[in-house]
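A.B. asks: First the structure, then my questions, so here it is.
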Amino acid sequence: MDDLTAQLKRIRKRFEDGELTVEDIDRALGLARDVSGDLKQSLLYLQAPTTNPHSAVVGISIYEDGADSDGLDENGEFRYRSIKEALDDGWRIIKFPEASLAMREQDTYGLGYEFVLERWR
């Protein structure tokens, strides 16, 4: 169990016992800052022909470790073949495609529906 989880369990117990103090909460806040301070956000842009998470990816771009990447693996294939595959690898969707694009197919351009995902490492 990590320090933050342990502190939160202590806080819960002290709360239940009516002994919780501001110092208990401040200690947990300090641990939370320590944990999140080293994390960096990565962004993944996936384009698909539909809004279905299982549909095949038709475009990909990754911003990770301070650099842009075309999202291809060592074989020249997309690192993720579907949005679901990226979700299974720990990415979280932070922006769904614009549903209004589906209203008039003749007026849409580009690579389909874009999902924006993130993860912190």
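A.B. asks: Going by average Cβ density within 10 Å per residue, which order do the peptides 76-85, 44-53 take, highest to lowest?
C.D. replies: The densest-packed peptide leads the list: 44-53, 76-85.
A.B. asks: Now for a separate question. As a test of reading the structure, rank S100, S55, S69 by solvent-accessible area (1.4 Å probe, protein chains only), most first.
C.D. replies: Numbers: S100 80, S55 20, S69 45 Å².
Greatest to least solvent exposure: S100, S69, S55.
A.B. asks: Give me the number: length gained by fully extending A99 to E77, i.e. 0.36 nm times residue separation minus the C-alpha to C-alpha distance, one decimal in nm. Intermediate results must be reported in sequence, preceding the final value.
C.D. replies: Numbers: separation 22, 0.36 × 22 = 7.92 nm, distance 2.78 nm.
That pair, A99 and E77, stretches by 5.1 nm at full extension.
A.B. asks: Excluding residues on the same chain fewer than 8 positions from K9, give the lysines whose Cα lies under 28 Å from its Cα.
C.D. replies: Within reach: K40.
A.B. asks: Note down the net charge around Y45, summing +1 for each Lys or Arg and -1 for each Asp or Glu among other residues with Cβ under 14 Å from its Cβ.
C.D. replies: -2
The values are calculated or read from the model by the stated rules, or taken from the named source; none is laboratory data. What you are looking at is a predicted structure, and each value in this text was computed from that prediction instead of being measured. We place every Cβ from the backbone using ideal geometry, glycine too, and count neighbours over all the protein chains shown. Accessible surface is based on the protein model in full, side chains and every heavy atom, while ligands, DNA and RNA are left aside. Shrake-Rupley method; radii C 1.70, N 1.55, O 1.52, S 1.80 Å.
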